[in-house]
Amino acid sequence: QVQLVESGGGLVQPGGSLRLSCAASGSIFSINAMGWYRQAPGKQRELVAFITSGGSTNYADSVRGRFFISRDNAKNTVYLQMNSLKPADTAVYYCYNLILGTGYWGQGTQVTVSS
């Protein structure tokens, strides 16, 4: 059993920053890809960013240059540094881990960008 616990969401003004964290616990032997998705009201869940076990990263066009994903393998934790936030970034953000071919999701954390 694997559990993912997210933290760091909240309310921020446009142009501000937030840092999301997602810690995995449980029966973890090797985490392959780690990533963040988001889902805004009335929209489909979309990939924001992911990072492979080797450290390769990829970003959605809408966040490239503003968001940065990183991971701490010793802590089984993935981070998402979000800068220059826009109202369009408002969504529930979900952590995703691919472990031995099985995908796991966090419970989601709300990010609201508003003045």
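The values are calculated or read from the model by the stated rules, or taken from the named source; none is laboratory data. In this text, all values refer to a predicted model and were calculated from it rather than measured experimentally. Counting neighbours? That spans all protein chains shown, and the Cβs are built from the backbone with ideal geometry, glycine included. Surface areas here come from the heavy atoms of the whole protein model, side chains and all, with no ligands, DNA or RNA. Shrake-Rupley method; radii C 1.70, N 1.55, O 1.52, S 1.80 Å.
Working from label points 7 Å from Cα in the Cα-to-Cβ sense, the Ala40 to Asn73 distance is 3.6 nm.
Projecting the Cα atoms of Ala91, Ser21, Val5 onto the charge dipole of the chain, computed from C-beta unit charges around the Cα centre, puts Ala91 farthest toward the positive end. A 1.4 Å probe run over the chain, with the rest of the protein chains in place, finds 52 Å² accessible per residue. Assuming charge only on the beta carbon of Lys and Arg (+1) and of Asp and Glu (-1), the dipole of the chain about its Cα centre is about 120 debye to the nearest 20. Taking the DSSP beta bridges with both ends in the range 4-103, the antiparallel portion is around 95 percent.
For the range 15-115, give the percent of accessible area contributed by carbon and sulfur heavy atoms, probe 1.4 Å, rounded to a whole number. Ligands and nucleic acids excluded, carbon and sulfur give 49 percent.
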